[in-house]
Amino acid sequence: MEAKDDYTKDGTVDLRGQPVLASKTGKWKACSFLVGYEAFERMAFYGIASNLVVYLTTQLHEDTVSSVTNVNNWSGAVWMTPIIGAYIADSYLGRFWTFTLSSLIYVVGMVLLTMAVSIKFLKPTCSNGICNKATSSQTSFFYAALYIIAIGAGGTKPNISTFGADQFDDFNPHEKKLKISFFNWWMFSAFIGGLLATLGLVYIQENLGWALGYGIPTVGLLLSLFVFYLGTPRYRHKFRKCKSPARSLLRVPAAAFANRKLDLPQDPSKLHELDVQHYITTGERQVHHTPVFRFLDKAAIKDTRRIPCTVTQVEAAKLVLGMSMIWLVTLIPSTIWAQINTLFVKQGTTLDRRLSSNFQIPAASLSSFVIISMLISVPIYDRYFVPFMSRKTGNPHGITLLQRLGIGFVLQIAAIAAAYAVEVRRMRVIRTNGIVGPTEEVPMSIFWLMPQYVLLGVGDVFNAIGLMEFFYYQSPEDMQSIGTTFFTSGIGVGNFLNSLLVIMVDKVTGRGGGGKSWIGKNLNDSHLDYYYGFLLVISSLNICAFVWASSKYVYKRESTLGIGFERMMMEQGSSSSSSAMDTSKLDLQV
């Protein structure tokens, strides 16, 4: 019989619903089976996304605006479908089984996509390197494969990272410390997959064939799933304490509206809340009252006519509302990020890409500098910056996550400013050399684009990882998969917003107005510099909105009492401990 101290203190269980031993499950040993999948999935995704605009323009013969729009729409779908996958996980199947089913759909999509670029009758016919326009059936099959991948990603993206975070026990001080670094190193593994894609797969696609370029990540994805399931005995699973957290959340604004004519008590302790023993027994986290969004507090007024919501339920709704404010100011930065796989690539195709007389770098491979800068920056951030700042601020994360996001957004502004400056120079070189044709090479090295890629990479160490951490830690406990979709959906909406901006700018500046489009099919006779200048202006305005939203945000404050505390009390033969309860509030200003 195992001692009770050997079990995890956060109530995690195995697949059969039995308590798990802390020494034999979870932590980085379990996560090592997960990071392999993340690396191969990122390799597959970036292997498609990084060069998709090139495939659409060179193989399917789509124009610049159409190809950029289609890439953005697909990328947007990949990042939006996690909303559905997260809801299914949090409300019905759990993270493990939702991931399992979705990963199979993802693999089917990859197989179909490989077939679309391999089988003769499914791809456009080519002669002497020039391909005919794809038929409607070939185009439909290609896009069907892409969107099947998007559906599969909907169940894998929000659940694999949160499932990894679940492997660390918040009630165990050592494991909680390990968890602080989890998202940094999780994204590090994703960056490795992205690097393999942008350096290796992109070159293979353009020089050895698209079939091989898509076939390699398909096989890799299958192998990574095999490794993932080998780790099943080591995994910890969080059981759902609420059958329908989304429904419980929606009940709060409905109750607040029903009680809109009632007066709020001045003392928050007069609002309805369950006894502390309930949270100790059930293992739920009690969230303490905060002074923001006071109108929602009316849902917890003790009214004999209806069952009131608890303060914890009300605070969960406040958290989601507060996160929504932060989410809104992440959309413009996501739009800036969308340039990497679209206009930055098209910009690069016009420049001198020769490294030698026999070797030419693919334009999409330059995005590898985003990933290389991330791979260099993550260890520096985690091993040096965080400990240094922790000593100064007392925050175990070094700085708060909103401060981390702010630094990332400023670096993104610097990146788009660099892109604008380089494009101004490119246009000057074009005028000096009298270049007018769409296929004429601009005598300017593609490495002029490096600063914008590097700045985006360093910025993402603060921005992307910070967003994932922020939405995970600040989400209500039973909605952490759904909470993570704030991160993914922000990227998705950013892609759709970029599509909308590209279409509108092209229509206003070119097609509709009869003038020269800023984003025409011929980038050597367009004004991409004007478009980057426009993005620079709106991103500068957005940082002001971010500062305002951050000043209004109140971090989650929850109780650490739970199953671990109940076990401790049972072992000590004590029914309560007022001093323990007094120190049980956890201020998550991370």
Calculated FRET value between K29 and V108, using beta carbons and R₀ = 35 Å, to 0.05
0.70
Hey, got the Cα dimensions of segment 22-88 along the principal axes, in Å, largest first?
57, 25, 12
Cβ-Cβ cut-off under 11 Å around W28, Lys and Arg +1, Asp and Glu -1: the net charge is +3
In percent, what relative contact order does segment 417-538 have, based on Cα pairs under 8 Å that are 6 or more apart in sequence?
30 percent
Got a sec? Charge dipole of segment 341-450, +1 on Cβ for Lys and Arg, -1 for Asp and Glu; which of S390, L375, A419 is way out at the positive end?
S390
Given a 1.4 Å probe and the protein chains all in place, what does the accessible area of R426 round to, in Å² to the nearest 10?
0 Å²
Table column - 3J(HN,Hα) (Hz), segment 435-441, Karplus curve with 6.51, -1.76, 1.60, x for Gly and Pro:
7, 10, x, x, 9, 5, 7
Extension reserve of the S66-M450 stretch, reckoned as 0.36 nm per residue once the Cα distance is removed
135.6 nm
Based solely on its DSSP helices, what 222 nm [θ] is calculated for the chain when runs of n ≥ 4 H residues each add -39,500 (n - 2.57) and the sum is averaged over all residues, nearest 500 deg cm²/dmol?
-20000 deg cm²/dmol
How much length is gained if the chain between K302 and D352 is pulled fully straight, taking 0.36 nm per residue apart and subtracting their Cα-Cα distance, in nm to one decimal?
10.9 nm
Give me the accessible area per residue for the chain, probe 1.4 Å, as a whole number in Å².
41 Å²
Set the Förster radius R0 to 56 Å, insert the Cβ-Cβ distance between D267 and F226 as r into 1/(1 + (r/R0)^6), and round the FRET efficiency to 0.05.
0.45
Give the lysines whose C-alpha is closer than 25 Å to that of K516, dropping any in the same chain fewer than 8 places away, or say none.
K346, K507
In nm, to one decimal, how far is the V429 label point from the F359 one, both placed 7 Å along Cα→Cβ?
2.1 nm
Collect residues whose amide H, placed 1.01 Å from N in the peptide plane, falls under 5 Å from the amide H of V287; neighbours closer than 5 in sequence don't count.
T312, S559
Counting only protein heavy atoms and using a 1.4 Å probe, what share of the accessible area of the chain belongs to carbon plus sulfur, as a whole percent?
64 percent
Please work out the ratio of the alpha-carbon Rg of segment 334-463 to 2.2 N^0.38 Å and round it to two decimals.
1.27
At 24 angstrom or more along the helix axis (alpha-carbon based) and mean Kyte-Doolittle of -1.0 or higher, what helices does the chain contain? Whole DSSP H runs only.
27-49, 94-116, 136-165, 210-230, 311-328, 401-433, 450-474, 480-506, 528-552
Can you compute the charge dipole magnitude of the chain about its Cα centre, using +1 on each Lys and Arg Cβ and -1 on each Asp and Glu Cβ, nothing else charged? Give it in debye, rounded to the nearest 20.
560 debye
At 0.36 nm per residue, minus the direct Cα-Cα distance, what do L328 and A258 gain on full extension? Give it in nm, one decimal, please.
22.4 nm
Got a sec? Which residues in segment 415-430 would a label at V508 touch, if it sits 7 Å along Cα→Cβ and we count backbone N under 19 Å?
420
From largest accessible area down, sort W28, W548, W74; use a 1.4 Å probe on the protein chains.
W548, W28, W74
For the chain, what is the relative contact order in percent, using Cα pairs closer than 8 Å and at least 6 residues apart in sequence?
22 percent
Quick check: the distance between the Cα centres of segment 393-419 and segment 189-211, to the nearest angstrom?
29 Å
Indicate the gyration tensor shape class of segment 61-110 (rounded, prolate or oblate), computed on the Cα atoms with a ≥ b ≥ c the square roots of the eigenvalues: a/c under 1.5 is rounded; otherwise a/b larger than b/c is prolate and the rest oblate.
oblate
Relative contact order for segment 330-400, counting Cα pairs under 8 Å that sit 6 or more residues apart, in percent:
16 percent
From highest to lowest solvent-accessible area (probe 1.4 Å; ligands, DNA and RNA excluded), L249, L221, L101 read L101, L249, L221
Considering only DSSP beta bridges with both partners in the chain, what is the antiparallel share in %, to the nearest 5?
85 percent
Measuring from the lowest to the highest alpha carbon on each principal axis, how far does the chain reach, largest first, in angstroms?
84, 53, 48
Give me the one-decimal nm value for the distance between modelled label points at I84 and E440, 7 Å along each residue's Cα-to-Cβ direction.
4.8 nm
Residue-count net charge about S102 - beta-carbon cut-off 13 Å; Lys, Arg +1, Asp, Glu -1
+1
Ranked order, H61, H288 - accessible area, probe 1.4 Å, largest first:
H61, H288
I want to check the label-to-label distance for F534 and R391. Put each point 7 Å from Cα in the C-beta direction and report it in nm to one decimal.
4.9 nm
Please list the non-local residues whose amide H lies under 5 Å from the amide H of Y7, H modeled 1.01 Å from N, same-chain partners needing a gap of 5 or more.
A22
Under the Debye formula (equal points on every Cα, no solvent term), log10 I(q)/I(0) of segment 30-135 at q = 0.22 Å⁻¹
-1.29
To the nearest 10 square angstrom, what accessible area does E62 show with a 1.4 Å probe?
30 Å²
For E273, enumerate residues with amide H under 5 Å from its amide H, sequence gap 5+ or separate chain, H modeled in the peptide plane.
V311
Partner lysines for K261 [C-alpha distance under 19 Å; skip if fewer than 8 residues away on the same chain]
K270, K298, K302
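The values are calculated or read from the model by the stated rules, or taken from the named source; none is laboratory data. From a predicted model like this one, the values you see are computed outputs, not experimental measurements. Cβ sites come from the backbone with ideal geometry, for glycine too, and all protein chains shown count toward neighbours. Note: accessible area is taken over every heavy atom of the protein model, side chains too, but ligands, DNA and RNA are not part of it. Shrake-Rupley method; radii C 1.70, N 1.55, O 1.52, S 1.80 Å.
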